[in-house]
Amino acid sequence: MSNFSGAFDLSKLTNQPQASGNAVAGWLVPADEQVLRRYLQLSESVPVLMLIVDGSEASNAVSGLVEQVIAAAKGRFAGIQVDLRTSPQLAQAIGVSEAPAMAAILAGAPTPLFKGVINQEQLVQVLGQVLQMAAQSNLNGTVTVSEVASEPVKNLTPEHQAAVDAVERGDLLDALAKFEKLVVEYPSDQEIKAGLAQVQLLHRLQNPVTETELDQLFTQADQILITGDAAEAFNLLLARFAVDFDLRDQIRARLLDLFTVTGDSHQAVLEARRKLASLMF
């Protein structure tokens, strides 16, 4: 783009190893809770930029600039835009109550980037730092723009309905097998992924593993979660994550699993992701 010539070197935003692409509906997509859920999943492979706006002139200016930079980065970022006027809870969940502001979401964990007006040079520098953090977490995927990318599956397929039926009749092993097959067939379907995570939770509760201290911790978190106190279950795992660096990968994986069970738009999940980000970075 012509307004990025000369002074601003975008090579650090584009000359990176690129993995297979993920389709998105645009470089900067308006976000509600459903869109946020999809992009939280996308952040497991591509750094996601979350811009907070409020319709002001400053927000509009930053929004245009951010969209230009994301487009110039040739798929290295996915972008979403949250309007404080219509979705304040999404912004507040990552600790933002004013606009314009931006956070990066890496592997499901939000990290604040800036508040207020920013110029091109500053934004490129900030996003270069985001790419460095992403590389450290092996988030080297890319995105491409597609008009049909964000259309969800609206009706249950016969196979999905069969998996749900297996859960309802209490046949968890059959349900597990069916959901595992569905996840392979529909890897971007968040409802199917949530179904698998929920069945796995029920199976763990029926067949608890308590061989190690970590097993016992995970079982305790499962038991708390099933009572409906998601925040307490997450905080139990986060407390261990904060002090046990050797087990961080395992604890983070279980946290992400329980986030999926609970639902990415749940307030407890959004708050736990923010705490996890502060502990990681």
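Does region 257-269 hold any residues that are aliphatic (A, V, I, L, M) and buried (at least 21 other Cβ atoms within 10 Å of the Cβ), and which are they? Please lay out each step first, then the result.
From region 257-269, those aliphatic (A, V, I, L, M) are 258, 261, 268-269; that's our starting set.
Listed by number, the residues that qualify are LEU258, VAL261, VAL269.
Among LEU255, LEU276, LEU236, which is the only one that is within 19 Å of ILE94 (Cβ to Cβ), out of contact with any His (no Cβ under 8 Å at 6 or more places or on another chain), aliphatic (A, V, I, L, M) and free of Cβ contacts under 8 Å to residues at least 40 places away in the same chain? If you could, list the steps in order and put the result at the bottom.
Values: LEU276 fails: free of Cβ contacts under 8 Å to residues at least 40 places away in the same chain; LEU236 fails: within 19 Å of ILE94 (Cβ to Cβ).
After ruling out the rest, the residue left standing is LEU255.
Quick check: is even one residue across region 126-136 in a helix (DSSP H, G or I), of a type in the set (Val, Ile, Thr), touching a strand residue (DSSP E or B) at 6+ places or on another chain (Cβ under 6 Å) and surrounded by 14 or more Cβ atoms within 10 Å (Cβ to Cβ)? Yes, region 126-136 contains at least one residue that is in a helix (DSSP H, G or I), of a type in the set (Val, Ile, Thr), touching a strand residue (DSSP E or B) at 6+ places or on another chain (Cβ under 6 Å) and surrounded by 14 or more Cβ atoms within 10 Å (Cβ to Cβ).
Residue by residue through region 37-67, note down the ones that are within 23 Å of GLN129 (Cβ to Cβ) and assigned to a helix (DSSP H, G or I). Spell out the reasoning first.
Here is the first cut: in region 37-67, the residues within 23 Å of GLN129 (Cβ to Cβ) are 39-40, 42-53, 58-59, 61-67.
Residues satisfying the conditions are TYR39, LEU40, LEU42, ALA58, SER59, ALA61, VAL62, SER63, GLY64, LEU65, VAL66, GLU67.
Determine whether region 179-200 contains at least one residue that is outside the structural domain of ARG274 (by TED's automatic domain parsing), in contact (Cβ under 8 Å) with a residue 12 or more places away in the chain and hydroxyl-bearing (Ser, Thr, Tyr). No, region 179-200 contains no residue that is outside the structural domain of ARG274 (by TED's automatic domain parsing), in contact (Cβ under 8 Å) with a residue 12 or more places away in the chain and hydroxyl-bearing (Ser, Thr, Tyr).
Looking at region 192-281, what helices (runs of 4 or more DSSP H) fall wholly within it and have at least 1 residues that are among the hydroxyl-bearing types (Ser, Thr, Tyr) and within 27 Å of VAL96 (Cα to Cα)? It would help to see each step written out before you state the result.
Numbers: elements: 213-226, 230-243, 248-262, 267-280.
Counting at least 1 such residues, we get 248-262, 267-280.
From the set of residues in region 98-125 that are over 20 Å from the mean Cα position of the chain (by Cα) and not in a helix (DSSP H, G or I), which is farthest from SER56 (Cα to Cα)? Give the steps one after another, and end with the answer.
In the first step, residues of region 98-125 are kept if they are over 20 Å from the mean Cα position of the chain (by Cα); the result is 98-100, 115-125.
Restricting the remaining residues to those that are not in a helix (DSSP H, G or I) gives 98-100, 115-119.
Working: GLU98: 11, ALA99: 8, PRO100: 8, LYS115: 14, GLY116: 11, VAL117: 11, ILE118: 14, ASN119: 17 Å.
Among those that are over 20 Å from the mean Cα position of the chain (by Cα) and not in a helix (DSSP H, G or I), it is ASN119.
Of the residues contained in region 142-159, none is found to be among the hydrophobic types (A, V, I, L, M, F, W, C), in contact with a Lys or Arg (Cβ under 9 Å, 6 or more places away or on another chain), surrounded by 21 or more Cβ atoms within 10 Å (Cβ to Cβ) and at pLDDT below 85. Does region 64-106 hold any residues that are buried (at least 21 other Cβ atoms within 10 Å of the Cβ) and farther than 26 Å from LEU256 by Cα, and which are they? Those that are buried (at least 21 other Cβ atoms within 10 Å of the Cβ) and farther than 26 Å from LEU256 by Cα: VAL66, VAL69, ILE70, ALA73, LEU84, ALA99, PRO100. Of all the numbered requirements in (1) touching a helix residue (DSSP H, G or I) at 6+ places or on another chain (Cβ under 6 Å); (2) farther than 25 Å from ALA72 by Cβ; (3) exposed (fewer than 14 other Cβ atoms within 10 Å of the Cβ), VAL167 misses one, and that requirement is (3). Within region 71-91, the set of residues being closer than 14 Å to ALA31 by Cβ and in a helix (DSSP H, G or I) comprises PRO88, GLN89, LEU90, ALA91.
The residue that is modelled with the lowest pLDDT, counting only those in region 171-181 that are closer than 13 Å to GLN200 by Cα and not aliphatic (A, V, I, L, M), is ASP171.
With respect to the conditions (1) among the small types (Gly, Ala, Ser); (2) free of Cβ contacts under 8 Å to residues at least 12 places away in the same chain; (3) surrounded by 13 or more Cβ atoms within 10 Å (Cβ to Cβ), ALA175 falls short on a single one, namely (2).
The values are calculated or read from the model by the stated rules, or taken from the named source; none is laboratory data. Small disclaimer: the values here were computed from a predicted structure and weren't measured. Ideal geometry is used to build each Cβ from the backbone, glycine not excepted, and the neighbour counts take in all protein chains shown.
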